[in-house]
Structures are given as C-alpha cells and as structure tokens.
Amino acid sequence: MHPADAATDSYERDFNLGIVSSDRKVLLEVEEALKRVEDGTYGQCLCCGKDITKTRLKAIPYAKFCRTCQIKMEESEERI
C-alpha cells in the first residue's frame, strides 16, 4: 500500500469515528430530553429553572439550559 493511500485511509477512519461519536452524543442528549418530557421538566433550564424559549427548543430540541445559562457555562469553560 502506498503511504498516501494509507494516510487517506487513516484520515477517513478518524473522520468517520468523529461523526459516529458526535451522533452518539446527540442521541444521548435526545434520550435525556425524552426523560424530561416524561417527568414534566422538559423546556425548563436545568441551571436556573426558567423556561427555555420555544425558538431555542425548535433549534435545539434537546437543549438543557436557557441561552443565558448556556453562555455563562461556555464562558466559564473558556477561562479554564
């Protein structure tokens, strides 16, 4: 096998594994959202308890946090 072919195969394998990992994460998020539907907490921010906007839920149906809390969490992660 030519080194360039091996590199291409390796890249494609890594790329596909990344997609599978991302899809699995989304699937787990959706399953958690379905549990929140069952227990009546779907659409409420897990951080502050306020309602998540319908617009946000349409864009990200499995959203756990309101936009404000999500931004705060992302900003705190950037500082780490």
Pull out all pairs, ordered by first then second residue, where Cβ-Cβ is under 8 Å, the residues are six or more apart or on different chains, the first lies in the range 39-50 and is closer than 9 Å to Lys64 by Cβ, and the second is surrounded by 14 or more Cβ atoms within 10 Å (Cβ to Cβ) and among the small types (Gly, Ala, Ser). none
Name the one entry in Leu17, Leu28, Leu34, Leu46 that is surrounded by 14 or more Cβ atoms within 10 Å (Cβ to Cβ), at negative phi and of a type in the set (A, V, I, L, M). Leu46
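The numbers here are math on the coordinates, done by the rules we state, and not lab data. Quick caveat: nothing in here was measured; it's all calculated off a predicted structure. Backbone-built Cβ (ideal geometry, glycine too); neighbour counts: all protein chains shown.
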